[in-house]
Amino acid sequence: MDSPKLELLTQGLEEVIEGRPDDARKTLASLRGRLDVDAFPEDMQYLIFAAALSRRLSGTAADEFNLYLRRYEHPQINLFSLLASRLPLVPMAGTIANELIAALVRGHDTFTLLDVGIGVGRQEVALLNALAASNSLPRHVTIVGVEPGEGSLRAAEESLTATARGLGVGLRFIGLPQTAETLSEEHWAMLGDLPGPRVVNSAFSMHHIAWRPEGEDLRDAFFRRLCQWAPTGVVLCEPNSNHHRSAIRERFHNCWRHFYFTFQLLEELDIPRQEKNTIKVFFAREVEDIVSTLDEQQRSERHENASAWVERLVRSGFQPEEMQGRQWSAAHPAVTLRPQRGYVGLEYRDETIVAVLCATGAGARP
């Protein structure tokens, strides 16, 4: 990963940290002059990170960065849909998560699934279809979607209702236009009346739980509250990198490494160049949040390593599942599945990019 371009980018980072904005602007401009995304695909990562540093300096990326990145923006498409259909890490993680959920609820006539960050319900639609295909569909399912976007909740309810009707399973959908940390005691009281077994799912959402400089850690507080709800298990899909509490220098380098391997995997895929660059621009928004945001309480892409999530689950009263010896249907020639205690790592070139975590709780069957 060492190169003259990376040296310039790192120099710009140090000048930003040292409070030398004029020097940083000159360094980043020099780097920009060396970049040719059309000729060298790897230059897109330099462009994205240089733009993030530029934005950290002045609150907006310099025009030469903004204009170039705008070439690859496609506001008319759902960028996450493109990501989910093209980058194998996303569908693979969803498939593994659904297999873990299916194992937790198998043999029951009913169960409740609490999904934090349900989006439009794609994973739950796939789960119901997979349960039907394995002849293990229950008689009735309660799905609680926690999602701040009310439009997404309506779309989730519509698609899940149609899927359940087609499969002949009873469905109760409860949409809560909230974030994890804003669930009230009234919400938890309502959840406490729902039938079991109970399972918690969250795909690429738990790292959005807010941070505050004083008081109890909101993530620990949320997981302890989850444990009191007595679920059979918790299943999480999370990026594997530390962008949570680390200082800007460490956070920048962690972010660079994480997206270096993600973008290298993307380059191996047999998809159009325009789609590859569009997906990279999708991730540019995450890089911007991680690198550019000055107010720590305003950052939302606060990823943690898989081991940190496992430790958090243990502190909250959950027991990590042993993943060794299990068989998974998810596969891709460029991605290796590495089972660990508490999670399955989705690896590319021996680097875990995404982790699918699973832990059992007080409601687990003996």
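The values are calculated or read from the model by the stated rules, or taken from the named source; none is laboratory data. As the structure is a computational prediction, the values presented were derived from the model and not from experiment. Cβ: placed from backbone, ideal geometry, glycine included. Neighbour counts: every protein chain shown.
Some values worked out for this structure:
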{"item": "Matching residues, the range 320-332, being farther than 23 Å from Ser85 by Cβ and within 20 Å of the chain's Cα centre (by Cα)", "result": "Pro320"}
{"item": "Tally, over the range 11-42, of residues that are surrounded by 18 or more Cβ atoms within 10 Å (Cβ to Cβ) and either of a type outside the set (Ser, Thr, Tyr) or closer than 18 Å to Glu250 by Cβ (or both)", "result": "11"}
{"item": "Only one of Val335, Val291 that is hydrophobic (A, V, I, L, M, F, W, C) and either farther than 23 Å from Ser81 by Cα or more than 19 Å from the chain's Cα centre (by Cα) (or both)", "result": "Val291"}
{"item": "Single match in Val234, Val314 (criterion: assigned by TED's automatic domain parsing to the domain that holds Met92, modelled with pLDDT of 95 or more, of a type in the set (Val, Ile, Thr) and surrounded by 18 or more Cβ atoms within 10 Å (Cβ to Cβ))", "result": "Val234"}
{"item": "Selected residue (only one of Trp211, Trp256 is in a loop (DSSP other than H, G, I, E, B), in contact (Cβ under 8 Å) with a residue 40 or more places away in the chain and under 20 Å from the mean Cα position of the chain (by Cα))", "result": "Trp211"}
{"item": "Residue satisfying condition, being free of Cβ contacts under 8 Å to residues at least 40 places away in the same chain and farther than 30 Å from Phe282 by Cβ, within set Pro138, Pro148", "result": "Pro138"}
{"item": "Hey, Ala164 of a type outside the set (Ser, Thr, Tyr), buried (at least 19 other Cβ atoms within 10 Å of the Cβ), more than 23 Å from Leu236 (Cβ to Cβ) and over 22 Å from the mean Cα position of the chain (by Cα) or not", "result": "yes"}
{"item": "Single condition Ser202 does not satisfy, out of (1) in the same structural domain as Asp43 (by TED's automatic domain parsing); (2) crowded, with 22+ Cβ neighbours inside 10 Å", "result": "(1)"}
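Listed here are the residues, each with its yes/no results for (1) over 17 Å from the mean Cα position of the chain (by Cα); (2) surrounded by fewer than 20 Cβ atoms within 10 Å (Cβ to Cβ); (3) modelled with pLDDT under 95; (4) assigned by TED's automatic domain parsing to the domain that holds Arg338.
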{"residue": "Gln264", "(1), (2), (3), (4)": "yes, yes, no, no"}
{"residue": "Leu269", "(1), (2), (3), (4)": "yes, yes, no, no"}
{"residue": "Pro272", "(1), (2), (3), (4)": "yes, yes, yes, no"}
{"residue": "Glu275", "(1), (2), (3), (4)": "yes, yes, yes, no"}
{"residue": "Ile279", "(1), (2), (3), (4)": "no, no, yes, no"}
{"residue": "Ala284", "(1), (2), (3), (4)": "no, no, yes, no"}
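Table: residues versus (1) in contact with a His (Cβ under 9 Å, 6 or more places away or on another chain); (2) assigned to a strand (DSSP E or B); (3) at pLDDT 95 or above; (4) farther than 27 Å from Arg326 by Cα.
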| residue | (1), (2), (3), (4) |
| --- | --- |
| Ala93 | no, no, yes, no |
| Glu99 | no, no, yes, no |
| Thr112 | no, yes, yes, no |
| Glu124 | no, no, yes, no |
| Ile143 | no, yes, yes, no |
| Arg154 | no, no, yes, yes |
| Arg165 | no, no, yes, yes |
